[in-house]
Amino acid sequence: MKTIKKADIILSSNAVFTGLANQPEPASIAIIDNKIVAIGTNEEITSTYIGTNTQVYSFEDQLIMPGFHDFHLHIIDGSLQMDCVSLANANSEQEAAEMVRKYAEARPEEPWIIGFSWNNESWVNKQLPTVASLDYVLPNKPVILMHVDCHFAWVNSKALELMGINCETENPTFGTIDKNENGELTGILYEKAMDLVFKGAFDFSRARKEQMVKNFLQMAAELGVTSLNDMYAPSSEILSDFELFKELEEAGELTARIYLAPALNGDLERAKQLRDTYSSEILQFSGLKQFVDGVISGHTAFMLEPYSDKPDSRGGTTFSPELIKKWVLEADRERFRIRLHAIGDAAVRLALDAFEDAQKINGYRDSRHTIEHIESIHPDDICRFEQLDVIASMQPQHLASIEKEMYQLRLGTQRDKFTFAVNKLKNAGAKLAFGSDFPVVSLNPLLEIYRAVTRVDSTGLAANTWNIDERITLAEALKAYTAGSAYGSFRENELGTLEVGKFADVVVLDRNLFSIPKEELLDTKVKLTIMNGRIVFEKASENKKLLDCK
């Protein structure tokens, strides 16, 4: 008679959401090494798979589900934000400057003061800040503070001086060094102009980077995130360190799977080297990413029609449309998957056109090309996602990190109906994959889930929804954050659902999301996170039993 190997871990609950159905069901799960080996009733699993050293967990009515798979974030940028001054709670320019001053006093050893998440649209006067307020509190130490959407920054005169930026400095391509009516620098740098300061501010030691990433990975485990898609960002040339990830993997210290998406820039030989170098089950090259446009808040998103509050501008593209299409065509020919940041409706159309051209010229294949964000879309382009097999990568929490009034001011009433059109895209057959875009917003997946199922705006008031018809169901949102992202990473046969034979990437929540008011999603915590069969986070509780079975 064949001997059945005993499980390393058994998880049981009355609420197991496998991702194969739309509701959780009672079940027990047996894990051996890094795989799920059996799912069945509690009696079936415990009678067969419990051994002397099996860790047995009974979670009663608490939800067991696949690990969250963040399809879009920026790991080292986010790691850096965790170690810098946060200005998210500032209510004015002066209050933000004072927070910077206090932070600088507490960190006198820091050569640069770096901050994130200021948002002038949430301030009383809504005006952009100026170099003067930072100069007043910190005249002798350089400061760079990233706007909440990370597409423009606020700096002081010392930062400009150190990096050699003055009134005569030319704007980089797709970047603006802002000046007032007198030609004086305002302290605001848009898009690629930020790079001029990044190279000084982000000059970190390897030791500091390593510690920042370890802190980030710990937070990800505590939030139940077991897979991370690390996306190319404006600061990536300075901050990215794929070798660091590899060293952590070799040391057994990667507690989440990482998918790398460096720049689509025409350098396909480097891309091929990266594809060959990073190909493990835990750390792997996933594709190439580039920006088509900027953001609506800074008038840099590319729009089909002029901005309602700036009728002389439609924004623009990071590179010429011809160059973007050329890069996409060449990379597609070499069988790379491509992910394009496109926020404005014209940028979304350009991205779809580029993918369609590549499909016509190179032939159809299962490319899983992806468009990121899709904050504004023309109704004629919604059906093209399904027609072209393009994945819609979206981050629902963005609609709460941005002031609805600002979007309506920029876009007007008619275009606003197609803002963050999650449900329209889903109903038209688009495959959804959710992520956070951390550090633009919190890494917590439950914020994204809450926003997707409620559409509550930045006020946080349940009565205030933004395009209420764009709500989706809880099951649809959870699948987009698990199975959808796994599909987008070509891992649907190994990850994204709880099935026999798949990798044991599992999260347990402290309540059943399907039986609580939607508002409680925001209070939900993670009890246990398992990645690749290994417990990477565990909140102390009485759910665990180590049975001494002979």
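The values are calculated or read from the model by the stated rules, or taken from the named source; none is laboratory data. Treat the numbers as computed from the prediction; the structure is a model and nothing was measured. Note: ideal-geometry Cβ built from the backbone for every residue, glycine included; neighbour counts use all protein chains shown. When the accessible area is computed, the model is the full protein with side chains, heavy atoms only, and any ligands, DNA or RNA have been set aside. Shrake-Rupley method; radii C 1.70, N 1.55, O 1.52, S 1.80 Å.
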Quick one: if you stick a label point 7 Å off each Cα along the C-beta vector at Glu247 and Ser86, how many nm between them? 2.8
Selected from Phe438, Val422, Ala400, residue furthest toward positive end of dipole (segment 384-443; charges at beta carbon): Val422
Relative contact order [Cα under 8 Å, 6+ residues apart], the chain, whole percent: 18
Determine the principal axes of the Cα atoms in segment 396-522, then give the extent along each, sorted from largest to smallest and rounded to whole angstroms. 51, 30, 27
Placing each pseudo-label 7 Å from Cα in the direction of the beta carbon, Glu44 and Asn171 end up separated by a distance in nanometres of 6.4
Dipole moment magnitude, nearest 20 debye, segment 322-396 about Cα centre, only Lys, Arg, Asp, Glu C-beta charged: 300
For the chain, list log₁₀ I(q)/I(0) at each q in 0.08, 0.12 Å⁻¹, using the Debye formula over Cα point scatterers of equal strength and ignoring solvent, two decimals each. -0.53, -1.18
To the nearest 0.05, how large is the calculated FRET efficiency for Ala21 and Lys326 if R₀ is 56 Å and r is the Cβ-Cβ distance? 0.80
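Out of every Cα-Cα pair in segment 54-111, what percent are more than 19 Å apart?
Of all Cα-Cα distances in segment 54-111, 59 percent exceed 19 Å.
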Directionally averaged projected area (convex hull, Cα atoms, segment 263-382), nm²: 8.2
How many angstrom lie between the Cα centre of segment 434-492 and the Cα centre of segment 277-349? 22
Out of Leu162, Tyr190, Gly175, whose Cα points farthest toward the positive end of the dipole of segment 153-211 (charges: +1 Lys, Arg; -1 Asp, Glu; placed on Cβ)? Leu162
Expected 222 nm ellipticity per residue - DSSP helices of 4 or more, -39500 (n - 2.57), all of the chain, to 500: -9000 deg cm²/dmol
Name the shape class, rounded, prolate or oblate, that the alpha-carbon gyration tensor gives for segment 192-284, where a ≥ b ≥ c are the square roots of its eigenvalues, rounded holds for a/c under 1.5, and otherwise prolate holds if a/b is larger than b/c and oblate otherwise. oblate
What share of all Cα pairs of segment 249-294, in percent, falls into each consecutive 10 Å distance bin? 26, 44, 25, 5
So, in Å, what gap is there between the alpha-carbon centers of segment 1-32 and segment 146-174? 54
To the nearest 20 debye, what charge dipole does the chain have about its Cα centre, counting +1 at the Cβ of each Lys and Arg and -1 at the Cβ of each Asp and Glu? 1220
Taking the Cβ of Glu249 as the center, what net charge do the other residues with Cβ under 12 Å away carry, scoring Lys and Arg +1 and Asp and Glu -1? -3
Extension gain from Arg333 to Gln211, taking 0.36 nm per residue of separation minus the Cα-Cα distance: 40.0 nm
For peptides 416-425, 443-452, 101-110, 198-207, sequence by mean Cβ density within 10 Å, most packed first: 443-452, 416-425, 198-207, 101-110
Just need the relative contact order of segment 19-171 here, percent rounded to a whole number, with Cα pairs under 8 Å and 6+ apart. 15
Could you order peptides 31-44, 493-506 by the average number of other Cβ atoms within 10 Å of their residues, highest first? 493-506, 31-44
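Nearest 0.05, what FRET efficiency do Ser308 and Ala463 give at R0 = 25 Å with Cβ-Cβ as r?
With R0 = 25 Å, the Cβ-Cβ based efficiency is 0.45.
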Report the antiparallel proportion of the DSSP beta bridges in the chain as a percent, rounded to a multiple of 5. 50
Can you find, among His373, Ile361, Val348, the residue farthest towards the positive end of the dipole of segment 335-376? Put +1 on the C-beta of Lys and Arg, -1 on that of Asp and Glu. Ile361
Phi-based couplings in Hz for segment 85-96 (Karplus 6.51, -1.76, 1.60; Gly and Pro marked x): 7, 9, 10, 4, 9, 5, 9, 7, 4, 5, 5, 4
Tell me, in nm to one decimal, what length is gained between Phe514 and Glu181 on full extension, where the rule is 0.36 nm per residue of separation less the Cα-Cα distance? 114.3 nm
Got a number for the accessible area of Val85? Probe 1.4 Å, square angstrom, nearest 10. 10
Please label the shape of segment 281-320 as rounded, prolate or oblate, based on the square roots a ≥ b ≥ c of the eigenvalues of the alpha-carbon gyration tensor (a/c under 1.5 means rounded; beyond that, a/b larger than b/c means prolate, else oblate). prolate
